[in-house]
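The structure under discussion appears below in the form of structure tokens.
No lab work stands behind these numbers, since they all come straight from the coordinates. Keep in mind that what you see is a predicted model, and the values were worked out from it rather than measured. Neighbour counts run over all protein chains shown; Cβ positions are idealised from the backbone, glycine included.
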Amino acid sequence: MAKAGRGADQYMLRLPDGLRDRIKAYAERMGTSINSEIVRVLEREFPEQWTVDDRLEELGNMLSILKAGTEDPRLDEFIQKVEETVEGIVSGRVTGVDPYARDAVSDMWSGYKTRESEVALEEEQDAQMDYTEEELETHRITGRFEKYAVPPPKQPNPVDDEIHLMQVLPPRALAELTEKLGDGDLEAAAKVVLNMPKEKILNRIRFLQLPIEEQYRRRGEEAPMHHFGLNPFPPDEEG
């Protein structure tokens, strides 16, 4: 996304009462600015259109550069621009294309997408990188990428929460806590929590915040392909 610098176009924007404050609060939480958030959303919703001549000229220039060698890192960029151009022809973003040619490209592209469904799914996930985690979570719930000044409450996830507790709390303390809660003895359960080794729990939380590869590196192990439900702590720390 292009950044709006000092020489960029300017427009006096009138916002409804309260909207500026909401955008400001959200931007401050995300470590950005009001302008950055407004431009980010508008760029996503109003993409620039391309003429077919300009797009083909750009692809031609890139192709001539890539002829120097297949190891050129710009190969990925060229492939991406080819896909963008084809999608632009189908969607209408690329202007000046004959309607019959557009229909033919559309049929071809539809077949390609069907054959490459798994790749298409990965590309769709990559396209969501422009959204924050809060936006994605809100979209999952409402179908809209809404942004709130006050962060929404964390949604409970019993499976993830249970796994996290098993990884953070020492097994004996967790077993004792579960027993007291099962007996309905909340006072005893509270004492178990108060007597838990806070420093050890804090170290485990810090450890779990590391990238998974770093966790295994510190354990002197090779990270497996899947890490679901795996306790990264050595037996002598399970207390």
Once both labels are modelled 7 Å past Cα along the beta-carbon direction, what's the ASN35-ARG172 spacing in nm?
6.0
Loop-resident sites, the stretch 150-214, for trypsin sites (Lys or Arg not before Pro), counting at most 14 other Cβ within 10 Å (DSSP):
LYS154
FRET efficiency, 1/(1 + (r/R0)^6) with R0 35 Å, evaluated for LEU75 and ASN195 via beta carbons:
0.05
Label-point separation, ALA188 to ARG144 (7 Å along Cα→Cβ), nm
5.1
